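Student: Take a look at this one; I'll ask things after.
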Amino acid sequence: MTDDTPGVTPEALQRRIDAGEPVRVLDLRDRDEVEEWSLSGPGVALTQKPYNRFVQATVTDDLGGFADDVEGEGPITVVCARGEASGEVARELAGAGIDARNLTGGMEAWARLLLATEIDGALPDAPGSTLVQYRRPSSGCLGYMVVSGDEAAVVDPLRAFADRYVADAAERDVEITTAVDTHVHADHVSGLRALAERTGATPVMPAPAVERGVTYDVETVGDGDTVGVGDLTLEAVHAPGHTTGMTAFAVGDALLTGDSLFVDGVARPDLEEGSDEAPAFARALYRTLTERFARFPDGTLVAPGHHGEGAPPGEDGAVTARLGECRELPVFELSEAAFVDRVTGRTPPRPANHAEIVDINLGRESADDGAAFELELGPNNCAAAPADD
């Protein structure tokens, strides 16, 4: 790939996807890779063609016909694993007068994209305090930084971005004093210990999550316990259902729901113990949504731990919703029995490498940064199903 290859950065492409603009994608990876994990969004038209089809088109001098088979309208964004083959294809298409560009760095670079957005109005009673949402578009993972005074707490940090959180805190001239996991994650390697090592922050986990077999030193919180951050406190709200130890955290007017309630659905109940125990976990999730969260007013800002394709960011760039809006979703109208049937009957495939990721997050296994990054590549599979159908 040469310097004159037309290119688009992952961030620029994601901004177009978030805006709902038409995005025409040619993915050169194998079909099974594309079906498992690909660029997606309301305006994305994706066509999968293997690289050898491009080679054939160059031999037969039919690059125009090759491009015509790509669905959608507008410029073609060419994608591969690391941006090398796609760079060649984009360059040749552009040389043939076809409007094409390469996704710089490929899907690997897209997986390294982390967008940060300040959530307006989340902390109205704490002037000068800020709630920042971190979004990893490639997996739908959401995490948070709570900033108050000269301190910060990071909730559900990803290990792949530990240095990013440290840099952002330094830019705000605050110290990361606490790192919190809402539960034992199965879809990504936690950054809890990495942040503790880099900053001296206190690692915090819910007590029931630690009881699953965490092997390293952490401070634990139970239902109703608080964690101080500057002038603010994060209150632990026991929210089982996705996992035994799943815990939400209330701060200001926001409820960081982790993997319990999403803006467009609810958590899956089968990741910890499998399908045999899923009904029991689903009943716990039902009580979390209808009883444990009942004390929070409709105006509470739901700041979840994940989002799906059906929940694009709002005008402020954040993926949030008011609790009252979530309560209007049809899933909240179901009886407990119907709810259990719904969420146990519509679970997607488990996250790739979930058992190994859980073992790493418990401390039973270890992986270097490169291996950890490879393990967590793939889609978000933490939701049971959209809640609005």
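The values are calculated or read from the model by the stated rules, or taken from the named source; none is laboratory data. Just so you know, these numbers come straight off a predicted model, no measurement behind them. Here the Cβ positions follow ideal geometry from the backbone for every residue, glycine too, while neighbour counts run over all protein chains shown. SASA here: full protein model, heavy atoms, side chains in, ligands and nucleic acids out. Shrake-Rupley method; radii C 1.70, N 1.55, O 1.52, S 1.80 Å.
Student: Looking at the range 230-312, what strands (runs of 3 or more DSSP E) fall wholly within it and have at least 2 residues that are β-branched (V, I, T) and surrounded by 20 or more Cβ atoms within 10 Å (Cβ to Cβ)?
Tutor: Ranges flagged: 247-251.
Student: Could you tell me whether G41 is modelled with pLDDT under 95, within 24 Å of P313 (Cα to Cα), open to solvent by less than 20 Å² (accessible area, probe 1.4 Å) and not polar (S, T, N, Q)?
Tutor: yes
Student: Restricting attention to the range 313-349, which residues are open to solvent by less than 50 Å² (accessible area, probe 1.4 Å), free of Cβ contacts under 8 Å to residues at least 40 places away in the same chain and farther than 28 Å from P157 by Cα?
Tutor: Listed by number, the residues that qualify are L334, A338.
Student: With (1) at pLDDT 95 or above; (2) in contact with an Asp or Glu (Cβ under 9 Å, 6 or more places away or on another chain); (3) among the polar types (S, T, N, Q) as the list, and S139 as the residue in question, which single condition is left unmet?
Tutor: Of the numbered conditions (1) at pLDDT 95 or above; (2) in contact with an Asp or Glu (Cβ under 9 Å, 6 or more places away or on another chain); (3) among the polar types (S, T, N, Q), the odd one out for S139 is (1).
Student: Being touching a Leu at 6+ places or on another chain (Cβ under 7 Å), charged (D, E, K, R) and modelled with pLDDT under 95 is the requirement here; does R350 meet it?
Tutor: yes
Student: Please go through the range 44-60 and give me each residue that is open to solvent by less than 80 Å² (accessible area, probe 1.4 Å) and either over 17 Å from L103 (Cβ atoms) or of a type in the set (G, A, S) (or both), ordered by number.
Tutor: Selection gives A45, V55, A57, T58.
Student: Here is a list: R342, R287. Which entry is in contact with a helix residue (DSSP H, G or I) (Cβ under 9 Å, 6 or more places away or on another chain), at pLDDT below 95, of a type in the set (K, R) and over 27 Å from L115 (Cα atoms)?
Tutor: R342
Student: Now for a separate question. Before we move on, is D181 modelled with pLDDT of 95 or more, on the phi > 0 side of the Ramachandran plot and not aliphatic (A, V, I, L, M)?
Tutor: Judged against the criteria, D181 is not a match.
Student: How many residues are closer than 26 Å to D168 by Cα and open to solvent by less than 30 Å² (accessible area, probe 1.4 Å) if we restrict to the range 199-220?
Tutor: Summing the residues that are closer than 26 Å to D168 by Cα and open to solvent by less than 30 Å² (accessible area, probe 1.4 Å) in the range 199-220 gives 5.
Student: Where in the range 58-149 are there helices (runs of 4 or more DSSP H), lying fully within it, with 3 or more residues that are under 21 Å from the mean Cα position of the chain (by Cα) and under 30 Å from T257 (Cα atoms)?
Tutor: Fully inside the range 58-149 and qualifying: 106-111.
Student: In the set L103, L131, L142, L123, which member is touching a His at 6+ places or on another chain (Cβ under 9 Å), buried (at least 20 other Cβ atoms within 10 Å of the Cβ) and either free of Cβ contacts under 8 Å to residues at least 24 places away in the same chain or aliphatic (A, V, I, L, M) (or both)?
Tutor: When all the criteria are applied, what remains is L142.
Student: From (1) modelled with pLDDT of 95 or more; (2) closer than 27 Å to T244 by Cβ, pick out the condition that doesn't hold for V166.
Tutor: Answer for V166: the failing condition is (2).
Student: Could you list all residues from the range 16-51 that are free of Cβ contacts under 8 Å to residues at least 60 places away in the same chain, among the basic types (K, R) and out of contact with any Asp or Glu (no Cβ under 9 Å at 6 or more places or on another chain)?
Tutor: Correct list: R16, R31.
Student: Pairs needed: first member in the range 350-361, farther than 22 Å from E211 by Cβ and of a type in the set (K, R); second member anywhere, assigned to a helix (DSSP H, G or I) and open to solvent by less than 20 Å² (accessible area, probe 1.4 Å); C-beta distance under 9 Å; at least 6 residues apart or different chains.
Tutor: none
Student: Which residue out of A284, A239 is of a type in the set (A, V, I, L, M, F, W, C), in contact with a Lys or Arg (Cβ under 7 Å, 6 or more places away or on another chain) and free of Cβ contacts under 8 Å to residues at least 60 places away in the same chain?
Tutor: It is A239.
Student: Just give me the residues in the range 150-176 being open to solvent by 30 Å² or more (accessible area, probe 1.4 Å), in a strand (DSSP E or B) and touching a residue at least 40 places away in the same chain (Cβ under 8 Å), in sequence order.
Tutor: E151
Student: Okay, next question. I'm trying to understand the selection: among the residues of the range 61-100, which are out of contact with any strand residue (DSSP E or B) (no Cβ under 8 Å at 6 or more places or on another chain) and open to solvent by less than 30 Å² (accessible area, probe 1.4 Å)?
Tutor: Across the range 61-100, the qualifying residues are L63, G65, F66.
Student: Here's something else I'd like to know. Which of the residues spanning the range 209-229 are of a type in the set (D, E, K, R), within 19 Å of G191 (Cβ to Cβ) and assigned to a loop (DSSP other than H, G, I, E, B)?
Tutor: The answer is R212, D217.
Student: With the checklist (1) surrounded by 17 or more Cβ atoms within 10 Å (Cβ to Cβ); (2) at pLDDT 95 or above in hand, flag the one item R364 doesn't pass.
Tutor: Result: R364 passes all but (1).
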